[in-house]
Amino acid sequence: MAIKAGEADLGLAVGVEKLSGAGLLGVRGTERADGEPWTPQGRYGSVAPMDGWVGTETMPGVFAQIGLEYLHEHPYTGAPLELFARISEKNHAHSTLNPLAAYTKRMSLAQIMNEVMVAYPNTRPMCSANCDGAAAAVLVSDAALRRLPREQRRRAVKVSASVLTSDPWQEACQVLPDVSTLTRQAAATAYETAGVGPEDLDLVELHDCFATAELIHYDNLMLCEPGGAVDFFDSGATWRDGRLPVNVSGGLQSKGHPIGATGIAGVWEVCQHLRGEGGDRQIGGARVGLAHVIGLGSACGVHVLERAA
């Protein structure tokens with residue numbers, strides 16, 4: 001926005017996070033740096049003793065509820081555990097082609113379904129991997145781009161839309177965050193700004209913090225007809241060799257979810273394919289891609305990126 005406003009010609013966006021060994025909530029039963037035992041503090045300390053008894057404040061449980069809510073609103077006759085495990089199976093398969101992923105191990109459907117249950121229907125491999133990470137992006141104006149060497153100009157990727165939304169206030173958000181509304185609003189604005197539609201996309205990196213989240217975001221990003229997320233996935237469209245590959249990086253379940261770096265990391269992944277630099281996981285002929293990220297709070301960022309002319 002600063003570049004578009006003429007306040008700058010060139011900028012650097014950086015994200016970094018350290019989660020390994022701690023995760024989002026810290027490690028129970030361990031000592032702090034001062035030698036004292038760690039105990040839950042603040043808001044989490046208030047709800048931790050009752051977590052799982054009167055609902056949940058932890059993200060695996062919240063997104064488990066969101067995924068099951070979608071299947072309730074759009075009746076599904078199959079087994080939820082197997083459905084979401086198949087989404088995770090896809091992402092772990094994709095990760096084997098990404099040397100920068102935190103985990104590059106393909107997992108069978110049976111392995112995923114029989115792993116440790118974190119919050120039904122999310123087993124451990126269906127949850128995003130806590131890890132350290134960093135990502136950065138250089139952004140330039142048209143004028144600054146023309147001053148750069150030819151080879152750098154060739155690698156430039158056009159930011160056709162960059163949209164940020166937050167939750168509209170509503171009573172329901174006091175129980176569950178409405179990640180669907182803020183994502184759908186961001187996507188609609190991004191498509192309109194970029195002058196493209198979901199049918200124009202060649203690949204998508206979406207925020208699969210849990211396998212349940214990926215399913216609902218097929219619908220929220222309008223990659224399918226309303227209520228058609230299950231049929232869209234079952235068609236095979238989201239696999240790397242499908243009609244609209246989703247999370248060819250391995251997604252947050254394999255690539256890892258260093259929270260502060262995740263948004264830019266998704267943008268970087270799409271840029272690799274638009275530049276033809278995706279290596280073994282390259283999506284051939286990719287010209288338009290979408291990167292989607294959710295932030296705790298809640299906030300949503302959607303970027304539509306295009307190969308430079």
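The values are calculated or read from the model by the stated rules, or taken from the named source; none is laboratory data. All values derive from a computational prediction rather than experimental measurement. Ideal geometry is used to build each Cβ from the backbone, glycine not excepted, and the neighbour counts take in all protein chains shown.
Out of all the residues in the range 106-122, which are without any contact (Cβ under 8 Å) to a residue 40 or more places away in the chain and of a type outside the set (A, V, I, L, M)?
Within the range 106-122, 106, 108, 111, 114, 115 qualify.
Which one of these does residue 123 not meet: (1) closer than 17 Å to residue 239 by Cβ; (2) touching an Asp or Glu at 6+ places or on another chain (Cβ under 6 Å)?
It is condition (1) that residue 123 fails.
Give me the strands (runs of 3 or more DSSP E) completely within the range 107-178, filtered to those with at least 3 residues that are under 30 Å from residue 308 (Cα atoms), ordered by residue number.
133-140, 157-166
Restricting attention to the range 249-262, does a residue exist that is out of contact with any Leu (no Cβ under 7 Å at 6 or more places or on another chain) and free of Cβ contacts under 8 Å to residues at least 24 places away in the same chain?
For the range 249-262, residues out of contact with any Leu (no Cβ under 7 Å at 6 or more places or on another chain) and free of Cβ contacts under 8 Å to residues at least 24 places away in the same chain: absent.
Quickly run through the range 79-110 and pick out the residues that are farther than 14 Å from residue 211 by Cβ and not hydroxyl-bearing (Ser, Thr, Tyr).
If the condition is that a residue be farther than 14 Å from residue 211 by Cβ and not hydroxyl-bearing (Ser, Thr, Tyr), then 97, 98, 99, 100, 101, 102, 105, 106, 110 are the ones that fit.
Yes/no per residue for (1) more than 26 Å from residue 268 (Cβ to Cβ); (2) of a type outside the set (A, V, I, L, M):
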{"residue": "70", "(1), (2)": "yes, yes"}
{"residue": "83", "(1), (2)": "yes, no"}
{"residue": "90", "(1), (2)": "no, yes"}
{"residue": "95", "(1), (2)": "no, yes"}
{"residue": "104", "(1), (2)": "no, yes"}
{"residue": "116", "(1), (2)": "yes, no"}
{"residue": "125", "(1), (2)": "no, yes"}
{"residue": "129", "(1), (2)": "no, no"}
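Kindly check whether there is at least one residue in the range 137-150 that is of a type in the set (Asp, Glu) and over 29 Å from residue 196 (Cβ atoms).
Looking through the range 137-150, none of the residues is of a type in the set (Asp, Glu) and over 29 Å from residue 196 (Cβ atoms).
Which of (1) surrounded by fewer than 17 Cβ atoms within 10 Å (Cβ to Cβ); (2) of a type outside the set (D, E, K, R); (3) out of contact with any strand residue (DSSP E or B) (no Cβ under 9 Å at 6 or more places or on another chain) does residue 125 not meet, given it meets every other one?
(1)
Considering the range 219-239 alone, what residues qualify as being at negative phi, out of contact with any Asp or Glu (no Cβ under 9 Å at 6 or more places or on another chain) and without any contact (Cβ under 8 Å) to a residue 60 or more places away in the chain?
220, 223, 234, 235, 237
So residue 148 passes all but one of these: (1) farther than 30 Å from residue 64 by Cα; (2) at pLDDT 95 or above. Which condition number does it fail?
The number of the failed condition is (2).
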